[in-house]
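Single-structure report; data block below.
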Amino acid sequence: ARIAFVGAGNHATQSLYPNIAHLPEFDLVAVCDLDAEKAAYAARKYGAPAWFTSVDAMLDAAVPQGVCVCGPPAMHVEVARKVLRRGLPVFLEKPPGSTRAEAQSLVDLAQANSTWGMVAFMKRFAPANLVAKAVMAGEGFGTLASLTLIHGSGPYDDLRRMLLFNGIHMIDLGRFLGGEVAEVFAHASPAGAATQAVSATLRFANGAVGQVNMNSGHHWTDCFEQTYLAGTGTAILIDASRAIEVMSADGQFARVEGQELFGWSKRYYVSGNMAGWAAGGHYTRGYWGELQHFARAVLGQAPPLATLDDGIAALRIIDAILDSAETGRPVALAQAAAG
C-alpha cells in the first residue's frame with residue numbers, strides 16, 4: 001500500500017517509522033513535517049523517495065492510498081480532515097482529538113467521503129494481549145468476572161492530560177478485553193497534587209466488574225503496566241503486554257499424587273526471534289502490528305480495527321471518569337454519551 005506519513009517527531013521516529021522496513025505491505029512514499037530538516041532526515045533514514053512541509057502538496061504529489069499522522073492532538077484533527085476530505089483512509093496517533101466533538105467530526109467526515117480511520121491503540125495488536133484474548137475465547141476460561149488494569153506513567157501535572165495522552169491506551173485495552181463499559185465510579189488525587197492518580201470502578205455491559213488504576217508517579221524509561229482477568233476457574237495475568245500467565249487447574253506443570261501444587265501456571269512470553277529490535281518494544285508492544293494492519297486494511301485485505309468510533313468510545317469513558325471524580329457520583333455511559 002502506498003502510504004504517506006505526516007509527522008517526524010520523537011514518537012514517530014522512535015516507535016513507528018522503525019517498523020516500516022519489516023512490513024512488506026507498507027510502501028512509504030512520502031514524509032511530511034513542518035520542520036524541513038526533520039522531514040528530510042526521516043525520509044532519508046526510512047527510505048521515502050520524497051519529503052514535504054505541506055500536507056496538501058504531499059497529497060497532490062505523492063498520491064498515497066492512505067496516510068499516517070503522528071503529532072499533537074490538534075494536528076491529528078487538522079491533518080485528518082484534509083486526508084478524509086480526499087476520501088483517503090487515515091491512521092491517527094492517539095488521542096483522535098482533544099474532545100469527543102473533534103473526534104466525532106472525523107467520523108462524520110469519513111462517512112461523508114466513504115472512507116475510514118484507525119486510531120493507534122497499539123495494545124490491541126500486542127502479541128501477549130492477543131494470546132490472552134484467545135485464551136478468553138476458549139472453553140476453559142468461562143465467563144469474564146473481573147478485569148483490573150494498572151498503569152504507572154511518567155510525570156503529568158494534570159489528570160485529564162494523563163488520561164488523554166497515556167491512560168487512553170489502558171482504557172481501550174479494557175474495552176478490547178472486557179467489552180463495553182456501562183458505568184464508571186472514580187476517585188482522583190486532589191487538584192495540584194505532585195502525583196496525578198485515579199482509581200475508577202467499572203461495570204461492564206456483560207455483567208463483569210473492573211477497575212482502572214493509573215498514576216503519574218513512575219518514570220518514562222520503563223512504565224509499569226499489568227492487566228489481570230478472572231474467568232470461571234481460570235485467571236490471566238498480563239505483564240506489560242510482554243508476557244502472560246494463565247492460572248488454572250489445567251495449567252500446572254506436573255501432577256504428583258498426594259501433593260497439591262498451588263500457584264503453578266502456564267506462561268507465555270512474546271517471541272524474542274526479532275532480537276534487539278523486538279526488545280525495544282516495537283513488536284511486543286504492538287506498534288508493528290498496528291501499522292501492518294493499517295496497510296492490510298488499505299489494501300482491502302482486512303477490516304480496519306481500533307476505528308475512529310473506538311476512539312470516541314475511549315474519550316467517552318475518560319469524560320465519565322473525570323465527571324465521576326469531580327461529582328463523587330457514578331456515571332452511566334449512556335448519560336456520558338448525551339453530555
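Just to be sure before I move on: is Phe91 touching a residue at least 24 places away in the same chain (Cβ under 8 Å), open to solvent by less than 10 Å² (accessible area, probe 1.4 Å) and either touching a helix residue (DSSP H, G or I) at 6+ places or on another chain (Cβ under 8 Å) or not charged (D, E, K, R) (or both) in the structure I sent? Quick ask: steps written out before the conclusion?
Details: touching a residue at least 24 places away in the same chain (Cβ under 8 Å): yes; open to solvent by less than 10 Å² (accessible area, probe 1.4 Å): yes; either touching a helix residue (DSSP H, G or I) at 6+ places or on another chain (Cβ under 8 Å) or not charged (D, E, K, R) (or both): yes.
Here the answer is yes, as Phe91 does meet what is asked.
Considering the stretch 121-166 alone, what residues qualify as being open to solvent by less than 10 Å² (accessible area, probe 1.4 Å), within 26 Å of Asn206 (Cβ to Cβ) and of a type in the set (A, V, I, L, M)?
Hits for the stretch 121-166 are Ala126, Ala128, Ala132, Leu147, Leu149, Leu163.
Table: residues versus (1) in a helix (DSSP H, G or I); (2) surrounded by fewer than 17 Cβ atoms within 10 Å (Cβ to Cβ).
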residue: Ile168; (1), (2): yes, no
residue: Val198; (1), (2): no, no
residue: Thr227; (1), (2): no, no
residue: Thr232; (1), (2): no, yes
residue: Ile244; (1), (2): no, no
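Based on this model, can you work out whether Tyr46 counts as in contact with a strand residue (DSSP E or B) (Cβ under 9 Å, 6 or more places away or on another chain) and open to solvent by 30 Å² or more (accessible area, probe 1.4 Å)?
Numbers: in contact with a strand residue (DSSP E or B) (Cβ under 9 Å, 6 or more places away or on another chain): yes; open to solvent by 30 Å² or more (accessible area, probe 1.4 Å): yes.
It is true that Tyr46 is in contact with a strand residue (DSSP E or B) (Cβ under 9 Å, 6 or more places away or on another chain) and open to solvent by 30 Å² or more (accessible area, probe 1.4 Å).
Please work out if Tyr41 is in contact with a Phe, Trp or Tyr (Cβ under 8 Å, 6 or more places away or on another chain) and hydroxyl-bearing (Ser, Thr, Tyr). Please lay out each step first, then the result.
On the way: in contact with a Phe, Trp or Tyr (Cβ under 8 Å, 6 or more places away or on another chain): no; hydroxyl-bearing (Ser, Thr, Tyr): yes.
Taking the combined requirement at face value, the residue does not satisfy it.
What are the pairs with Cβ atoms under 8 angstrom where one residue, in the stretch 162-190, is free of Cβ contacts under 8 Å to residues at least 24 places away in the same chain and the other, located anywhere, is in a helix (DSSP H, G or I) and open to solvent by 10 Å² or more (accessible area, probe 1.4 Å)? Sequence gap at least six, or different chains.
As it stands, the answer is none, since no pair meets every condition given.
Just to be sure before I move on: is Lys82 of a type in the set (Lys, Arg), touching a Leu at 6+ places or on another chain (Cβ under 8 Å) and either surrounded by fewer than 20 Cβ atoms within 10 Å (Cβ to Cβ) or at pLDDT below 95 (or both) in the structure I sent? Talk me through it step by step, then tell me what you get.
Values: of a type in the set (Lys, Arg): yes; touching a Leu at 6+ places or on another chain (Cβ under 8 Å): yes; either surrounded by fewer than 20 Cβ atoms within 10 Å (Cβ to Cβ) or at pLDDT below 95 (or both): yes.
Judged against the criteria, Lys82 is a match.
Within the stretch 1-28, track down each residue that is open to solvent by less than 60 Å² (accessible area, probe 1.4 Å), farther than 21 Å from Glu78 by Cβ and not in a helix (DSSP H, G or I).
Ala1, Leu23, Glu25, Phe26, Leu28
Run Arg267 past the list (1) modelled with pLDDT of 95 or more; (2) touching an Asp or Glu at 6+ places or on another chain (Cβ under 8 Å); (3) open to solvent by 70 Å² or more (accessible area, probe 1.4 Å); (4) not aliphatic (A, V, I, L, M) and report the number of the one that doesn't hold.
(1)
So how many residues does the stretch 270-287 have that are open to solvent by 20 Å² or more (accessible area, probe 1.4 Å), at pLDDT 55 or above and farther than 16 Å from Val131 by Cα?
Result for the stretch 270-287: 2.
The values are calculated or read from the model by the stated rules, or taken from the named source; none is laboratory data. This is a predicted model, so every value here is computed, not measured. Positions of Cβ are generated from backbone atoms using ideal geometry, with glycine treated the same way; all protein chains shown enter the neighbour counts. These accessible areas exclude ligands, DNA and RNA; they are computed on the full protein's heavy atoms, side chains included. Shrake-Rupley method; radii C 1.70, N 1.55, O 1.52, S 1.80 Å.
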